[in-house]
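Peer 1: Attaching a single structure in structure tokens format; questions to follow.
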Amino acid sequence: MIALYLAAFLLFAIGLAHSVLGERYLLVRLFRRDDLPKLGGSADFTKRVLRFAWHITTIAWWGIAAILCEIASANFSVQNTVLAIGLTFILSGITALIAARGKHYSWIFFLLVGVLCLWFAATKT
């Protein structure tokens, strides 16, 4: 049990470091380049896609950390596990929607997965 909580803590910490340090030392420097491909017709869209993809990785790791905490808890339930998955996908969808201004359609699928998981968790008896 302690091992899973420690693993969850490490996932949370590495996710935080991934987003903060990646933004500061990788993405900002990468975005200064003049030769980025023009996805969707612009380098700006390319930057937005790279940024949200980068940060969705952190969201995924935090979602897995939540699942590990649920598994380690004395009150483990499939419902709470699916709830954590659903919230992870809702956050991923919102991140993709905002960052890409709706132009990258992954947000639709992330939100659908999230809503379906939340619906399951809400109706599970």
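The values are calculated or read from the model by the stated rules, or taken from the named source; none is laboratory data. Note that this is a predicted model, so its numbers are computed, not measured. Don't worry about glycine lacking a Cβ; one is built from the backbone with ideal geometry, like all the others, and counts go over all protein chains shown. All accessible areas refer to the heavy atoms of the entire protein, side chains included, with ligands and DNA or RNA removed. Shrake-Rupley method; radii C 1.70, N 1.55, O 1.52, S 1.80 Å.
Peer 1: Using a 1.4 Å probe on the protein heavy atoms, what percent of the accessible area of the chain belongs to carbon and sulfur?
Peer 2: Carbon-and-sulfur percentage of accessible area, whole number: 73.
Peer 1: Taking every pair of alpha-carbon atoms in the range 12-56, what share in percent sits in each 5 Å bin, from 0 to the bin with the longest distance?
Peer 2: Bin by bin from 0 Å, the calculated values are 5, 23, 29, 21, 12, 6, 3, 0.
Peer 1: How many angstrom lie between the Cα centre of the range 10-79 and the Cα centre of the range 100-125?
Peer 2: 18 Å
Peer 1: I'd like the accessible area for THR57, computed on protein heavy atoms only with a 1.4 Å probe and all protein chains in place. Round to 10 Å², please.
Peer 2: My reading of the accessible area for THR57 is about 50 Å².
Peer 1: When a/c reaches 1.5 or more, the comparison of a/b and b/c decides; with that in mind, is the chain rounded, prolate or oblate per its Cα gyration tensor?
Peer 2: oblate
Peer 1: What is the calculated FRET efficiency for LYS124 to LEU26, with r their C-beta to C-beta distance and R₀ = 35 Å, to the nearest 0.05?
Peer 2: 0.30
Peer 1: Just want to confirm a number: the relative contact order over the chain, from Cα pairs under 8 angstrom separated by 6+ residues, in percent. Before the final figure, lay out the partial values.
Peer 2: On the way: 136 pairs, mean separation 32.8, N = 125.
After rounding, I find 26 percent.
Peer 1: Once both labels are modelled 7 Å past Cα along the beta-carbon direction, what's the ALA72-ILE108 spacing in nm?
Peer 2: The answer from the label model is 3.9 nm.
Peer 1: Just to confirm a number: summing +1 for Lys and Arg and -1 for Asp and Glu over residues other than ALA99 whose beta-carbon lies under 13 angstrom from that of ALA99, what do you get?
Peer 2: Every neighbour counted, the sum reads +3.
Peer 1: Find me the longest stretch of the chain that has none of the exposed trypsin sites (Lys or Arg not before Pro), where exposed means in a DSSP loop (not H, G, I, E or B) with at most 15 other Cβ atoms within 10 Å. Spell out each step's value before the answer.
Peer 2: On the way: sites that count: ARG32, ARG33, LYS38, ARG101, LYS124.
With a cap of 15 other Cβ atoms within 10 Å, the longest stretch comes to 39-100.
Peer 1: Roll a 1.4 Å probe over the protein chains and send me the accessible area per residue for the range 1-88 in Å².
Peer 2: Normalised by residue count, the accessible surface of the range 1-88 is 61 Å².
Peer 1: Just tell me, in residue order, which DSSP H segments of the chain are both 27 angstrom or longer along the helix axis (alpha-carbon based) and at least 0.5 in mean Kyte-Doolittle hydropathy. Before the final figure, lay out the partial values.
Peer 2: Numbers: long enough: 2-21 (28 Å, 2.25); 43-72 (44 Å, 0.83); 78-99 (31 Å, 1.78).
What comes out of the filter, once short or polar helices are dropped, is 2-21, 43-72, 78-99.
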